[in-house]
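Bear in mind that the values in this text are calculations on the coordinates, not laboratory data. Values in this document were obtained by computation on a predicted structure and should not be read as measured data. Heads up, the Cβs are rebuilt from the backbone with ideal geometry, glycines too, and the neighbour counts pull from every protein chain shown.
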Amino acid sequence: MTAPAVSSTVDDNTGLGRIRLDRPEQRNPLSSATMREVTAALRALGADERVRVVVIGAAGPVFSAGHDLREMIGRTLEDEREIFDACVEMMEAVQQIPQPVIASVQGAAVAAGCQLVAACDLAVAASTAVFGTPGVRIGLFCSTPMVAVSRAVGRKRALQMLLTGETIDAATAADWGLVNLVVPPDELEDRTRALAARIVEASPLTLRIGKQAFYRQVDLPQGLAYREMAETMATNAVTCDAQEGMTAFVEKRPPTWQGR
């Protein structure tokens, strides 16, 4: 029996849910089966009230080399559509679950692997990590990675990655906005946990409201975004946790969160 390509765990003490790509000997390819496993794991963790933050990482020296090209050769158009539909479903699940999702990147993240990093809410990278969208070099333009990457780094930088197929190092990825932090490789785990722990201090209800609101407004025209977010803040303000948080601030005490 083939072992799962993805493992998923929950730490009850920290509220940290983990998803790990677990095919290091194959450079953690995002096959259709693997992407479906990741999507299922995301949805399961998203529905788990113990989970406050989700971290996506990978075993071995490579985060992910992207799609499994072996399953894309000699296939029909419908077969290819199924692969990319599974990819879109996985990427959307990252942003649909209520908890913040952090990518913890220890090595190369290219093509759909780079897309997965870009789709995550936050990303911490080891200084040895590299990022790229090299599809143009094999005749398969990284069109779905382009969606997430262009939204993270902007048009000119995304097109530089997409048209040349060249990789960028972790420092450049941070400068361009693809990742939040670059840390020494031996500090990746601790720094990712520290970032997650800082997020866990906040109300889970407020985090859910805020994450959903961010993606709802980010591509709207400014005027419409302001109107929608004004209503979001008003409805947020009357929730139990907002009232508790504001009261605790005024009373100079730690808040006690009640909402989910």
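Projecting each Cα onto the charge dipole of the chain (Lys/Arg +1, Asp/Glu -1 at the beta carbon, about the Cα centre), which of T14, P145, M233 comes out farthest on the positive side?
M233
So, in Å, what gap is there between the alpha-carbon centers of segment 114-182 and segment 1-75?
After rounding, the separation between the Cα centres reads 19 Å.
Quick check on segment 204-250: take the gyration tensor over C-alpha atoms, sort the square-rooted eigenvalues as a ≥ b ≥ c, and tell me if it's rounded (a/c under 1.5), prolate or oblate. All intermediate terms of the calculation are to be shown ahead of the outcome.
Numbers: a/c = 3.23, a/b = 2.04, b/c = 1.58.
Prolate, because a/c is 1.5 or more and a/b exceeds b/c.
Taking the Cβ of each residue in K156, K252 as the centre, tally the other Cβ atoms inside 10 Å and list the residues starting with the fewest. Each step should come with its number before you reach the end.
Details: K156 9, K252 6.
Taking fewest neighbouring Cβ atoms as first place, the list is K252, K156.
Can you tell me the relative contact order of the chain? Whole percent, Cα pairs under 8 Å, sequence separation 6 or more. Walk me through the numbers before you get to the answer.
Details: 465 pairs, mean separation 38.8, N = 260.
Worked out over the chain, it gives 15 percent.
Could the peptides 228-236, 131-139 be put in order, highest first, of the mean number of other beta-carbon atoms found within 10 Å of their residues?
Descending mean neighbour count gives 131-139, 228-236.
Arranged from highest to lowest average of other beta-carbon atoms within 10 Å per residue, in what order do the peptides 46-57, 182-193, 106-117 appear?
The densest-packed peptide leads the list: 106-117, 46-57, 182-193.
For segment 54-155, what is the charge dipole size about the Cα centre, in debye to the nearest 20, if Lys and Arg each add +1 at the Cβ and Asp and Glu each add -1 at the Cβ?
That gives segment 54-155 a dipole magnitude of about 460 debye.
Please give the length that would be gained between S143 and A171 if that part of the chain were fully extended, namely 0.36 nm times their separation in residues minus their C-alpha to C-alpha distance (nm, one decimal).
7.6 nm
Suppose we keep just the DSSP beta bridges with both residues in the chain; what percent of those would be antiparallel, to 5?
Roughly 30 percent of the beta bridges in the chain run antiparallel, per DSSP.
For a quick check: sort M72, M35 by the number of other beta carbons within 10 angstrom, fewest at the front.
M72, M35
Starting from the 7 Å offset along Cα-to-Cβ, what nm value, one decimal, do you get for the label separation of V136 and R198?
Going from the V136 label point to the R198 one covers 3.5 nm.
Working from Cα positions, state the angle (0 to 90°, nearest 10) between the long axis of helix 32-46 and the longest principal axis of the chain.
For helix 32-46, the angle is close to 10 degrees.
From the phi of every residue in segment 180-186, what ³J(HN,Hα) in whole Hz does the Karplus formula 6.51 cos²θ - 1.76 cosθ + 1.60 yield, where θ is phi - 60° and glycine or proline is x?
Listing the rounded values in order: 8, 9, 10, 9, x, x, 6 Hz.
Y215 label point, 7 Å along Cα→Cβ, cut-off 18 Å on backbone N: hits in segment 1-41?
17-19, 35-41
In what order do D79, D241, D169 fall by count of nearby beta-carbon atoms within 10 Å, going from fewest to most?
D79, D169, D241
Would you mind calculating the gained length between Q243 and E189 on full extension (0.36 nm times residue separation, minus the Cα-Cα distance), in nm to one decimal?
Here the answer is 16.0 nm.
Can you work out ³J(HN,Hα) from phi for every residue in segment 71-81, in order, using Karplus 6.51 cos²θ - 1.76 cosθ + 1.60 and θ = phi - 60°, giving whole Hz and x for Gly and Pro?
Result, rounded to whole Hz: 8, 10, 9, x, 9, 7, 4, 5, 4, 5, 4.
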